[in-house]
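Report on the structure given below.
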Amino acid sequence: MKFTRSAVAAVAIASTLALSACASESASPSASGSAGSGLTGSLKASGSSAQKNAMQEWINAFQTTNSGVTIDYQANGSGAGIQDFNNSQTSFAGSDSALKPEEATAASTRCAGGTAINIPMVGGAIALAFNVAGVDSLTLNPKTAAGIFSGAITKWNDPAIAALNAGVTLPAATIAQFHRSDSSGTTDNFTKWLLATAPDAFAFAGGKDWVAPGGQGAKGSDGVAAGVSSTPNSIGYMELSFVMSKGLKAASIDNGGGAVEATSDNAAKTIAAATVKGTGNDLALNIDRKIADGSAYPVVLVTYEITCETGLAAADSALVKAFLTYTASDAAQGALAASGYVPITGDLLTKVRAAIAAIA
Amino acid sequence: MSQQAPIRESSISGSSVRRGDQIFRGITVGSGVIILLVMGAIAAFLLWKALPSFSNNSANFLTEKVWFPDQNPPKFGIAALAFGTVVAALFAMLIAVPVGIGTSLFISFYAPRRLAGAMAFLIDLLAAVPSIIFGLWGLQVLMPHMGGIAKWLSDYLGVIPIFKNDQELYTKSLFIAGVVLAIMVLPTISAISREVFKQVPRSHLEASLALGATRWEMIRMAVLPFGRAGVISAAMLGLGRALGETIAVAVILSALFDVNIHITEPGGNTFAANIALKWNEAGPNGLSALIASGLVLFIITLSVNAVARSIIARRKEFTE
């Protein structure tokens, strides 16, 4: 191989250009510092995979306006996220459920005596996606859903299902039921809804692990969605975003006030109606899973950001506060519905903003 | 593969030990010690982290079938995990050992030279496929096509309890996991068997052919007895992988905590898959319980290897 003189010159010019490009890029934040926040530093967080995509979009948007900040959210699961936070490896944790008492004790130790607070940030709807040839819309109530998922109802044309779906021709096929095989907040919230609304029909323990017999387990919401879309006469529970991305159909739920479609807007009403059970700025929620409003979709989950009200290192605290202020803004919450999430709205959002403002 | 007695320094003439020898000796001793240290450290870590969950378990760790380590009081056991792990791995061996030996015999003695080289290369390539790929392929490509076979087994061989299927669901079962595991361990078994068969002295082969043996008789009388110990150790290496395989199994199985001998029905769970599925959301005691199950897997794998070693040691007396 021979290098000609012109080639060497070209390389030299190119690298000079590249260097100057780098230089101008690194100079720009200070030049436009007045427009941005002037924040610098890096922020580490981890936890719930249910809010992973929302976090990803928010982090991208936030880093674009605050180019001095890098935020890293590792979606390693709520349990692992709380552990990381309690071990001071991260500045906030994403979690599908509020801190339990024993976790709260460890968390306040981590907050150097301050309080660890739960801030609801990303809502989700749990949809019952079905794949039955010839059936475009399906309505279920707590009792029939519990029957299907506990194995008591085995055929699609079961009288209990038919009674809710006048005018729909249901096949005489066996129901193939899909649930999560891994531990998940989705299972936790779905079983909480079943246990609250149909305790007689669902005689199993709730929690993050599915325990009812029968059906087929699949790993992750994507696994359940893949199972439902590839198996005829199947039904499975999953986050709404997977229904949208896989092009599946979701059942409407009749909690007593009429059939409600599984949409982000309808689910937002249930979350907005939740009552706060935490004290002060701790906004741990009590979701009314029996809500019988004709426009509120009742099977929802709320994911929290868990951080210290006081007690974080000053630099971390400023970053957490700035980032969460952004995620609770109208722009950030408004972007959620498009990706299948459910925004926090109404009075609750006001409380969320007040709690974030109190972080010091 | 036949092991030779290690050559000691004393057997080499000359008493002066050179510097290079000393350094090399130090390196080899160091490597050996590192292996022992790593094994010891793993065992100590597992035991240390597992102890808390042993002390507060309200059920019998060895016989309980459910897994609720984070509830109060904690209740969990490994019966279902041990069953699923052993059944899936044994079923995989049932398929992979005959096929693996068959492939290596074909490559060594039947295939034209050019084809043999290409096939050996392809089989080795199979070992380089990441296990998540096997899992997804098993789930999305193999599983839809295995329903018919599983149904046939249930319909015609249903008198044998393990093939009976009362649920009329043939997916996400130990049967399918076993088939995928078999494909995953095939390259290990086949590659080692091939190397073993290559070691058969040419004189043995020629002698048997000269005595009028057909090719099959030559393989049966000269090749297989010579290679038996090596083939067993190949199978044991494969079994080790099958026992410990994690993500492919986690993706495929329906993961029920149940001891169900009908292996074509959805269900089953293994130690490694259960750890992968539960780790992220486990509480403090849940983590400890998962590590305790890992300790059991560690012990099972060690004892399987020990048994294999003893078989090989005993066989050697006959083959050498």
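The values are calculated or read from the model by the stated rules, or taken from the named source; none is laboratory data. Owing to the predicted nature of the structure, the values given are computational and were not obtained by experimental measurement. Note that we place each Cβ from the backbone using ideal geometry, even for glycine, and neighbour counts take in every protein chain shown.
Computed quantities for the displayed model
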read-out	value
Of the criteria (1) within 14 Å of chain B (Cβ to nearest Cβ); (2) more than 21 Å from the chain's Cα centre (by Cα); (3) on the phi > 0 side of the Ramachandran plot, which one A:G77 fails	(2)
Pairs with Cβ under 6 Å, 6+ apart, first in the range B:52-80 and among the basic types (K, R), second part of a loop (DSSP other than H, G, I, E, B)	B:K65/B:F257; B:K75/B:S58; B:K75/B:A59
Pair list, Cβ under 6 Å, 6 or more apart: the range B:246-266 residue more than 8 Å from chain A (Cβ to nearest Cβ) and touching a residue at least 24 places away in the same chain (Cβ under 8 Å), other residue outside any loop (DSSP other than H, G, I, E, B) and charged (D, E, K, R)	none
Selection count where residues are without any contact (Cβ under 8 Å) to a residue 12 or more places away in the chain and not in a helix (DSSP H, G or I), scope the range B:208-245	4
Answer residue from the range A:79-114, given it is closer than 19 Å to A:N286 by Cβ and in contact (Cβ under 8 Å) with a residue 24 or more places away in the chain and is surrounded by the fewest Cβ atoms within 10 Å (Cβ to Cβ) among those	A:A98
Residue match in the range B:53-67 (condition: more than 14 Å from every other protein chain (Cβ to nearest Cβ) and aliphatic (A, V, I, L, M))	yes
Number of positions in the range A:201-221 that are more than 14 Å from chain B (Cβ to nearest Cβ) and either aliphatic (A, V, I, L, M) or without any contact (Cβ under 8 Å) to a residue 40 or more places away in the chain (or both)	2
Members of the range B:241-281 that are among the small types (G, A, S) and modelled with pLDDT under 90	B:S254, B:A255, B:G267, B:G268
Some residue of the range B:102-122 being within 30 Å of A:S230 (Cβ to Cβ) and assigned to a helix (DSSP H, G or I)	yes
Any hit, the range B:38-54, residues being among the hydroxyl-bearing types (S, T, Y) and under 29 Å from B:A235 (Cα atoms)	no
Test: residue in the range A:248-260 that is touching a residue at least 24 places away in the same chain (Cβ under 8 Å) and within 14 Å of another protein chain (Cβ to nearest Cβ)	no
Leading residue by the ranking (farthest from the other protein chains (Cβ to nearest Cβ)) among those in the range B:161-179 that are under 25 Å from the mean Cα position of the chain (by Cα) and in a loop (DSSP other than H, G, I, E, B)	B:Y170
Those helices (runs of 4 or more DSSP H) lying entirely in the range A:211-304 with at least 1 residues closer than 30 Å to B:V249 by Cβ, touching a Leu at 6+ places or on another chain (Cβ under 7 Å) and among the hydrophobic types (A, V, I, L, M, F, W, C)	A:220-230
Residue selected from the range A:180-200 under the condition away from every other protein chain (no Cβ under 13 Å), assigned to a loop (DSSP other than H, G, I, E, B) and not hydrophobic (A, V, I, L, M, F, W, C), by the criterion surrounded by the most Cβ atoms within 10 Å (Cβ to Cβ)	A:P199
Meets criteria (aliphatic (A, V, I, L, M), out of contact with any His (no Cβ under 8 Å at 6 or more places or on another chain) and outside any helix (DSSP H, G or I)) for B:V129	yes
Residues of the range A:305-330 satisfying the condition of being acidic (D, E) and assigned to a strand (DSSP E or B)	A:E305
Selection count, the range B:109-146, where residues are more than 17 Å from B:R241 (Cα to Cα) and free of Cβ contacts under 8 Å to residues at least 60 places away in the same chain	18
Any hit, the range B:2-14, residues being in a helix (DSSP H, G or I) and at pLDDT 90 or above	no
Evaluation of A:Y326 against (1) in contact with a Phe, Trp or Tyr (Cβ under 8 Å, 6 or more places away or on another chain); (2) surrounded by 20 or more Cβ atoms within 10 Å (Cβ to Cβ); (3) touching a residue at least 60 places away in the same chain (Cβ under 8 Å); (4) over 17 Å from A:T186 (Cα atoms) (one fails), failing number	(2)
Any hit, the range B:88-108, residues being surrounded by fewer than 16 Cβ atoms within 10 Å (Cβ to Cβ), farther than 30 Å from B:G227 by Cα and without any contact (Cβ under 8 Å) to a residue 24 or more places away in the chain	no
Single residue of B:N269, B:N274 found to be within 12 Å of chain A (Cβ to nearest Cβ), in contact with a Leu (Cβ under 8 Å, 6 or more places away or on another chain) and outside any helix (DSSP H, G or I)	B:N269
Filter result (within 13 Å of chain B (Cβ to nearest Cβ) and buried (at least 18 other Cβ atoms within 10 Å of the Cβ)) within the range A:41-73	A:S46, A:G47, A:S48, A:S49, A:A50
Number of the exception - B:V200 against (1) aliphatic (A, V, I, L, M); (2) more than 14 Å from every other protein chain (Cβ to nearest Cβ); (3) assigned to a loop (DSSP other than H, G, I, E, B); (4) within 30 Å of B:L157 (Cα to Cα)	(4)
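Residues checked against (1) at pLDDT below 95; (2) more than 26 Å from the chain's Cα centre (by Cα); (3) assigned to a loop (DSSP other than H, G, I, E, B):
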{"position": "A:A104", "(1), (2), (3)": "yes, no, no"}
{"position": "A:T109", "(1), (2), (3)": "yes, yes, no"}
{"position": "A:A112", "(1), (2), (3)": "yes, yes, yes"}
{"position": "A:P120", "(1), (2), (3)": "no, no, no"}
{"position": "A:L128", "(1), (2), (3)": "no, no, no"}
{"position": "A:D136", "(1), (2), (3)": "yes, yes, yes"}
{"position": "A:A146", "(1), (2), (3)": "no, no, no"}
{"position": "A:A152", "(1), (2), (3)": "yes, yes, yes"}
